[in-house]
Amino acid sequence: MKPYTIALLFTCLLMASCTQSPSTSNSKTATKEQANSVNTTDSNSSSTESDLQFIRDKYKVISGATDYKTVPFEAQCDERSSTKLERRYNKKGDLSYLKLIDCGGHGCSTKHHYYWDGQLIFIFHNNDSTPGVSHIIEEHRTYFKNGKMIHCLEKKAHYHPGQPPIEELLKKAENKEVDCTPDKLTANLSEIESLSLDKAKAYFCAK
């Protein structure tokens, strides 16, 4: 083989090697970044699930407690509206549960609040209304950590005449994860937590 032929072949091999090298390097880098991304996502998901399990466990403890002190309140503001408030305190005197029911002309809104170590951890909000001949039930489950919403679920059922009972529709409805957005869910909650009974009727019925 002639010298110039050997040189040409060597040059071609060198160029091919240089061309492939960046591609291989980029592929390895991309794979590493993807792995890091997946690990971070898995870590965040695991952390959230751990927080949710903690809340579920404490929810069971609070719901099953039989030695809490209960402080009830009820007011009939007018012919169409009424309010019921129930607060439960553990042995240490800390607020552990607060239920607020507001009823109007077409239905009731019920909010169950659960607390642990002085912090709100969960709210179950049921909105039951009967506009016209229909029946609508909405359920909202909101989980908290350090005063912030970390997980939100929503379930809805809308009954019209001729359909199965609303209870069946609600049971079959999807419990969807939704974006957590600040709203009226916790508005005035701190006031209601510490509201004295002698001022409760004026507070609720003035609205």
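The values are calculated or read from the model by the stated rules, or taken from the named source; none is laboratory data. None of these values were measured; they are calculated from a predicted model. Because the Cβ atoms are built from the backbone with ideal geometry, glycine has one as well, and the counts that use them run over all protein chains shown.
Annotations
- Answer from Ala157, Ala200 - the residue that is assigned by TED's automatic domain parsing to the domain that holds Asp102, closer than 22 Å to Cys108 by Cβ, surrounded by fewer than 17 Cβ atoms within 10 Å (Cβ to Cβ) and not hydroxyl-bearing (Ser, Thr, Tyr): Ala200
- Within the range 97-207, helices (runs of 4 or more DSSP H) holding 1 or more residues that are under 22 Å from Ser63 (Cβ atoms) and acidic (Asp, Glu): 166-172, 189-193
- Only one of the listed residues (Lys111, Lys148) is within 24 Å of the chain's Cα centre (by Cα), in the same structural domain as Pro161 (by TED's automatic domain parsing) and free of Cβ contacts under 8 Å to residues at least 12 places away in the same chain. That residue is Lys148.
- Total residues in the range 168-195, condition charged (D, E, K, R) and surrounded by 11 or more Cβ atoms within 10 Å (Cβ to Cβ): 4
- Criterion (among the charged types (D, E, K, R) and touching a His at 6+ places or on another chain (Cβ under 8 Å)) met by exactly one of Lys99, Lys148: Lys99
- Any hit, the range 116-129, residues being of a type in the set (A, V, I, L, M) and either touching a Ser or Thr at 6+ places or on another chain (Cβ under 7 Å) or at pLDDT below 95 (or both): yes
- Every condition in (1) part of a loop (DSSP other than H, G, I, E, B); (2) modelled with pLDDT of 95 or more holds for Asp78 except the one numbered (2).
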